[in-house]
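For reference, the structure discussed in these notes is given below.
The values are calculated or read from the model by the stated rules, or taken from the named source; none is laboratory data. Please read all numbers here as calculations on a predicted model, not as lab measurements. Positions of Cβ are backbone-derived with ideal geometry, glycine not excepted, and every protein chain shown enters the neighbour counts. Just the protein is used for accessible areas: all its heavy atoms, side chains included, with ligands, DNA and RNA removed. Shrake-Rupley method; radii C 1.70, N 1.55, O 1.52, S 1.80 Å.
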There are 4 protein chains.
Amino acid sequence: MTVEPATLDRTDPEAAIAATVARVSNWGRWGEDDVKGTLNLITDEHRRAAAGLVRRGRSFSLAQQFSMDGPQKGWRRRTNPVHTMLDTGTDAEAGVQGFPHGLGGADDVVAMPLQCSTQWDGLGHIFDHGRTWNGRRAGEVVTSLGDSRTGIETVASDFTGRGVLLDVGRVLGDGFGELPDGFAITPEHLDATIAAQGDTSRVGTGDLLLVRTGQYGRTRREGWGEYAGGPAPGLSFTSAEWLHERDVAAVATDTWGFEVRPNEFDVAFQPLHQVVIPNMGLFVGEMWALEELADDCAADSRYDFLLVAAPLPVTGAVGAPLNPIAVK
Amino acid sequence: MTVEPATLDRTDPEAAIAATVARVSNWGRWGEDDVKGTLNLITDEHRRAAAGLVRRGRSFSLAQQFSMDGPQKGWRRRTNPVHTMLDTGTDAEAGVQGFPHGLGGADDVVAMPLQCSTQWDGLGHIFDHGRTWNGRRAGEVVTSLGDSRTGIETVASDFTGRGVLLDVGRVLGDGFGELPDGFAITPEHLDATIAAQGDTSRVGTGDLLLVRTGQYGRTRREGWGEYAGGPAPGLSFTSAEWLHERDVAAVATDTWGFEVRPNEFDVAFQPLHQVVIPNMGLFVGEMWALEELADDCAADSRYDFLLVAAPLPVTGAVGAPLNPIAVK
Amino acid sequence: MTVEPATLDRTDPEAAIAATVARVSNWGRWGEDDVKGTLNLITDEHRRAAAGLVRRGRSFSLAQQFSMDGPQKGWRRRTNPVHTMLDTGTDAEAGVQGFPHGLGGADDVVAMPLQCSTQWDGLGHIFDHGRTWNGRRAGEVVTSLGDSRTGIETVASDFTGRGVLLDVGRVLGDGFGELPDGFAITPEHLDATIAAQGDTSRVGTGDLLLVRTGQYGRTRREGWGEYAGGPAPGLSFTSAEWLHERDVAAVATDTWGFEVRPNEFDVAFQPLHQVVIPNMGLFVGEMWALEELADDCAADSRYDFLLVAAPLPVTGAVGAPLNPIAVK
Amino acid sequence: MTVEPATLDRTDPEAAIAATVARVSNWGRWGEDDVKGTLNLITDEHRRAAAGLVRRGRSFSLAQQFSMDGPQKGWRRRTNPVHTMLDTGTDAEAGVQGFPHGLGGADDVVAMPLQCSTQWDGLGHIFDHGRTWNGRRAGEVVTSLGDSRTGIETVASDFTGRGVLLDVGRVLGDGFGELPDGFAITPEHLDATIAAQGDTSRVGTGDLLLVRTGQYGRTRREGWGEYAGGPAPGLSFTSAEWLHERDVAAVATDTWGFEVRPNEFDVAFQPLHQVVIPNMGLFVGEMWALEELADDCAADSRYDFLLVAAPLPVTGAVGAPLNPIAVK
């Protein structure tokens, strides 16, 4: 069911990017000073309604692991988290801690890239021709001190709303419910998935869209392999307009890089990022663990839920780790 | 309104701790293999009901900042977060990134103690006479490799439920709604606050209890001072039984250390921790930002809400940073 | 014995800097592609002669401590080193390591600014009007990837030669042999020290010059105080030409910042750095521990020695920690 | 020229280790409180004589790189160094730094295991049946706070002396002067190398012995491969007594792990470490870059030199990175 997208001119990536940007840009839509981008699309009323989706009260963590056993291999100095202890139970047993009355303690430290595991890309993560969200100069916004305008702390409370899962892997994938690497998910695939899943899967204004490819589940069986940066299923470049038309507030996948890899142009690097982050102001989630939630959605045929996906608000961060919680 | 707690023998801290432990221990209550402690008290039904508390759909982040401007001064090697960039906008403008078609990017790294800012204490954080939660040997559970039994990842999905705010600062404090440093919040103070706040403040089984002292708000006006480890208002040692009787699932405050400081014994270090974490299996939150939520609760006289307080699930962590989200 | 330097126009710092630069610049002196700056001045013959200065074979470490007890307070995100363990002896005793035949082990990690303790400033550390050493554009040389031209690894083997100590504190200071904070060491002071110390103190081409103020010794008695960035004795802005005329290969002091603080202009930040690093290509050492060596030099009246001051060659680093070794 | 060592009983590693320990232990040799181990064997007279070996004044750095391109793959959480910038030249060009008069600056941070690249193993790195150097309890010496007795800072000034290179790779290896992986260097091989190299290669009391296998040179042609922990040439378990008889002060190789890998017992982990570090008090260097020095030694047939191998004195460290300098 591969569909060759009509709008994709593979011979001129830069022009294709520019043409798409012209159609989907949100610059200025929420004012000159805006830092929230598509998160503006979630209203309190959306949130109130999303809370109403909770039927059973089951809580799902959509976070992958944060440990040295993660998938990172050093690309652009991204390591896996290094978690070390400042105090331990073995120290306490050895009697070296010096606390009174039998008290003992353990404490710990982590050093990690903010995008090493389950994460949001912030609006300062990607630039288009030197411009970041809303047309600002990249060099004015993101310096060595971090993102001084759209740091993730500016949206610390905003990722609460209606989540909707499009389980493209289950609808269009193989016997494991997984898409093959290199599978580009087009608007047609998204629409087909909604049609197959039924009414709870409609996608509209202010929704937090989760797209499951199944690749993460495959890594659980087969090991990480090239999960971090290698071939992967993911959204097609042609999905930008679909996302824009539906006015989703954010979109996340179970893959390293959200969009299909290899990318759909011969020479390119994450062109869909280049369109949606700086131009649409769209927040992109990556490396989410969707397997358990997807099984539950398949079991009860309900694909929407309350989603609270709060980024760790590191001041000035261009990306943020998180532990997203879906409540059904 | 200082109340001298009846049960507190200040002359023999170790005996006082042991006596309280004897009354509140939950060891074995949820089986030999339990790793969730008091989080067992939250049921799906509690979560379903908590979602029903959402009236307006307003979302509050209860996280303090994660930055070098935080309160840490190096105690036990706790620094503030060091956030550095792997790529920047100034680099992109300088043309040194090497991406095609006008793409540029920024990426970042953090090194930080897991308890440097808004956090949950995990069950492996504190030991009582060499024992951790459920009676396990501290040296078997928490080694240099981290907490192999009760690492925070084991409860990644569990901190979702009914939150209830007891704004003791506003009820019993000064003109700013703030308790003075050294103020020990006793059961009587908690009950008085509930009485003053009204019915939405009742505290019962499986609730996620937030206690506001106002100290954090004071730091916003006056600077951090000795916030990290210095004198502070906080829960009295005598509140252990109150917490146990109400079977709360977790408790968090707006202070560095949850319990009053200086501690209530002449020689002691965090004796309430020693009782509640290893013996009750109670999760303790510290350094939460409760000001905005408290203002809202005061305004609408509703003190309960849906709380999703998902820890960053660093594998084996004994503490975890988070961005708690309250939805009203 | 304060001497008002003749050449210092305090009313126009930028002009004073430019005028000094015009007199001392070494741009082009060692070719277009040079990355070694004044280290070019040390020849093998200098090194051979320096080895000949070894009389007794005593080895001195000139490193301050690298620990959380250091002087850093967070200025520009400079923390003290955070040293944590990956494995410990308490773990080994607890029997959790899993090695055969009675083997146990410990391993460790550090996170630290490269200029948190005893260090060399690399040539990429300071820029003058956007230019780094030899006239290169700062933005081409030092990006988020580090210093791609003059990273400290390019001079990993070069800091070996004749060291000479000018103990200005002992010659011109108080009863402890220490200069007061704010004391600007001028050429006259340097010459007076040489005269007082005698012939082994002559300073010439290719020498590694150490200047002791005594401030570090004072911190050993009185605590760090404002050692990291506060008031300090140090080289006067007017010493640039003296250093240039003598063609020293490098210069190091026992202070945080090498030059006198407060700086000698009303509004300025480290103007001597701005002259000597990017324009002269001079390597500057800071936070060296000179007390023990100085005592020994005073005792035997010999102020020159073999100095091996090898930076930790972190690829692309603009500064480097080290453990300098003097052999007398 | 493989020699089956006479003393190696492969059927009982623990007994073989114990028997060797009985012959080579130095416990008590330098007093109860000793922290320097074999470094006690270097006298000032040795150092004076070593300085006399300098003929030409050429300085060699024996450090490998410290960068993300290193060999570490995550074994026991050992990563390669993560070097990030606090300030950059691109920032300076963008005008965001805020310094006056045209000053700009760059600053940097590193997070790294202390044994990720060129290093000394400290005396707290390895234990034998729960005992560290001089018979101390491992759990008393090395806690989460680091090594409180034999931290590397205690020998900060001691690694200065006569270096001698045994280029076993060149004498006994293949056409590239490299030994194959798994090649165990026995006393016979060491003696044969000394015989081949001539009188400047004699090894005696207080010498800093460098053994070149050539494996590092092979990685320069072929990539790191399994350099960090995989098969490698290295010292045979049977060399312990040879090292003890000659009373060397320290020994370093160009391999990850100093001793041959796979180890010479079917089930074992670094048994030579277990003998020499805690029992002899011998300092072991690993991952040294010996290629350039070896070429020079071969060229002038002089294999001894002044060696200054000063560890970065991280307080309490059980291992330490360094930039060793040989001067010929």
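Against the numbered list (1) open to solvent by 30 Å² or more (accessible area, probe 1.4 Å); (2) at negative phi; (3) not assigned by TED's automatic domain parsing to the domain that holds D:E226, D:H101 comes up short only at (2). The sole residue among C:D300, C:D304 that is more than 10 Å from chain D (Cβ to nearest Cβ), touching a residue at least 40 places away in the same chain (Cβ under 8 Å) and charged (D, E, K, R) is C:D304.
Filtered by the rule that a residue be open to solvent by less than 20 Å² (accessible area, probe 1.4 Å) and of a type in the set (D, E, K, R), the range A:190-213 gives A:D207, A:R212. Is it the case that the range B:184-196 has a residue that's closer than 24 Å to B:N80 by Cβ, modelled with pLDDT of 95 or more and not acidic (D, E)? Within the range B:184-196, not a single residue is closer than 24 Å to B:N80 by Cβ, modelled with pLDDT of 95 or more and not acidic (D, E).
Evaluated against (1) within 21 Å of C:G89 (Cα to Cα); (2) under 15 Å from the mean Cα position of the chain (by Cα); (3) of a type outside the set (G, A, S); (4) within 12 Å of another protein chain (Cβ to nearest Cβ), D:F269 falls short on exactly one condition, (2).
Being closer than 21 Å to B:S25 by Cβ, open to solvent by less than 10 Å² (accessible area, probe 1.4 Å) and either touching a strand residue (DSSP E or B) at 6+ places or on another chain (Cβ under 9 Å) or aliphatic (A, V, I, L, M) (or both): is that true of B:D121 here? It is true that B:D121 is closer than 21 Å to B:S25 by Cβ, open to solvent by less than 10 Å² (accessible area, probe 1.4 Å) and either touching a strand residue (DSSP E or B) at 6+ places or on another chain (Cβ under 9 Å) or aliphatic (A, V, I, L, M) (or both).
Within the range A:87-96, the set of residues being out of contact with any Gly (no Cβ under 6 Å at 6 or more places or on another chain) and crowded, with 23+ Cβ neighbours inside 10 Å comprises A:T88, A:D91. So for the range C:51-68 (the condition being within 30 Å of C:R136 (Cα to Cα), open to solvent by 30 Å² or more (accessible area, probe 1.4 Å) and not hydroxyl-bearing (S, T, Y)), does at least one residue qualify? No; the residues of the range C:51-68 include none that is within 30 Å of C:R136 (Cα to Cα), open to solvent by 30 Å² or more (accessible area, probe 1.4 Å) and not hydroxyl-bearing (S, T, Y). Residues in the range A:213-225 include none that are farther than 19 Å from A:E292 by Cβ, touching a helix residue (DSSP H, G or I) at 6+ places or on another chain (Cβ under 6 Å) and of a type outside the set (A, V, I, L, M, F, W, C). Of the residues making up the range B:287-328, those that are open to solvent by 10 Å² or more (accessible area, probe 1.4 Å) and more than 22 Å from A:S59 (Cα to Cα) are B:A289, B:E291, B:E292, B:D295, B:D296, B:A298, B:A299, B:D300, B:S301, B:R302, B:Y303. Taking B:V251 as the residue in question, decide whether it is within 18 Å of B:A156 (Cβ to Cβ), in the same structural domain as B:E45 (by TED's automatic domain parsing), surrounded by 23 or more Cβ atoms within 10 Å (Cβ to Cβ) and at pLDDT 95 or above. Spelling it out, it is not the case that B:V251 is within 18 Å of B:A156 (Cβ to Cβ), in the same structural domain as B:E45 (by TED's automatic domain parsing), surrounded by 23 or more Cβ atoms within 10 Å (Cβ to Cβ) and at pLDDT 95 or above.
Within the group A:S59, A:S25, which residue is at pLDDT 95 or above and under 25 Å from B:L114 (Cβ atoms)?
Matching residue, one of A:S59, A:S25: A:S59.
Determine, yes or no, whether D:W75 is of a type in the set (A, V, I, L, M, F, W, C), surrounded by fewer than 17 Cβ atoms within 10 Å (Cβ to Cβ) and in contact (Cβ under 8 Å) with a residue 60 or more places away in the chain. Yes; evaluated as a whole, the condition is true for this residue. Looking across the range A:161-182, the residues that are among the hydrophobic types (A, V, I, L, M, F, W, C) and either at positive phi or open to solvent by 30 Å² or more (accessible area, probe 1.4 Å) (or both) come down to A:V171, A:L172, A:F176. Pairs are defined by a Cβ separation below 7 Å, a sequence spacing of at least 6 or placement on different chains, a first member in the range D:113-126 that is more than 11 Å from D:G281 (Cβ to Cβ), and a second member that is basic (K, R) and open to solvent by 10 Å² or more (accessible area, probe 1.4 Å); the pairs so defined are D:P113/D:R78; D:Q115/D:R78; D:C116/D:R78. Screening the range B:1-117 for helices (runs of 4 or more DSSP H) wholly inside it with 1 or more residues that are more than 7 Å from every other protein chain (Cβ to nearest Cβ) and over 30 Å from A:Q270 (Cα atoms) returns the ranges B:13-24, B:44-51.
For the range A:214-232, the criterion of being touching a strand residue (DSSP E or B) at 6+ places or on another chain (Cβ under 6 Å), surrounded by fewer than 24 Cβ atoms within 10 Å (Cβ to Cβ) and in the same structural domain as A:A310 (by TED's automatic domain parsing) is satisfied by at least one residue. Residues in the range C:118-128 that are at the interface with another protein chain (Cβ under 7 Å from one of its Cβ atoms) and β-branched (V, I, T): 1 in all.
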